[in-house]
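Below is one structure, written out as structure tokens; the observations come after it.
The values are calculated or read from the model by the stated rules, or taken from the named source; none is laboratory data. Because the structure is a prediction, the values reported are computed rather than measured. Glycine also receives a Cβ, built like all others from the backbone with ideal geometry; neighbour counts cover every protein chain displayed.
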Amino acid sequence: MPARVFGPDRIPTVDPRAAPPTGPNADPERDPRLRVELHPGERLVWAGYPVRTPMGGPRLIARAGGVFFALFSLLWIGMALGIGVFASSPGPGSGAGSGAGGFAIVAFIASAMGLVPLAIGVGLVVGSSKKRWAPHRFLYALTTDRCIIWTPTPLGSATVVSLTPDQLRNLQRHERADATGDLILARELRAAHTNPAASGQVGPMSHVTETAHAFLSVAEVAKVERLVRETFDLGTPVREF
């Protein structure tokens, strides 16, 4: 299938701060983020949004964690305030001593400390909302020079990863029955080292983490893989999943 190559005129001149297009009829090839990202002379071959939110599982985990933090902090604040009020109230037939007053101050300070996990919980719940992780906030692009992946963050910004043809050594396709699927473009290995003195170990410690860069949940994933291979002359697929 011949690659559809579009010139810069396909991407309108817009404010780079403009929000991504939304709705079922949104055209990813006219997404304003492409205007900002593409280099002079770089041409767009394909662009697409995922057909469903690729990070549904992590988003639900983040929301559950946010609810836990929020409920825990509210319980903490309520108990600390209750203790503080009880300690600051003089009992019948007894005066409120300096010890009781000091204990009440400590209880009120402890209740204020509960605002930190409350803020974390609210942030996780808000950051994991459907709107922040909607499919149109992701964006995948194939150009004549590279593959580009936009991934939103819980704070509303985005992480942009660019992969050159040299990095696309082992493409892997995970295809579903409805022709949607994931196209694994590259896997990145990172080695992390820890201080042996801090961990109580004699020798150095290290572990390796793997990060997969992919077009996730895209429609007609086989055609997208074919476009990537034809654009960068990567040959025919060797393994398919």
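Would you check if A141 is modelled with pLDDT of 95 or more and under 19 Å from A26 (Cβ atoms)? Here the answer is yes, as A141 does meet what is asked.
Selection of strands (runs of 3 or more DSSP E) fully inside segment 149-241 by the criterion of at least 3 residues being among the aliphatic types (A, V, I, L, M) and at pLDDT below 95 returns 181-194, 205-218. Identify the residue in segment 65-87 that is surrounded by fewer than 19 Cβ atoms within 10 Å (Cβ to Cβ) and among the aromatic types (F, W, Y) and, among all such residues, is nearest to L118 (Cα to Cα). Within segment 65-87, the match that is nearest to L118 (Cα to Cα) is F72.
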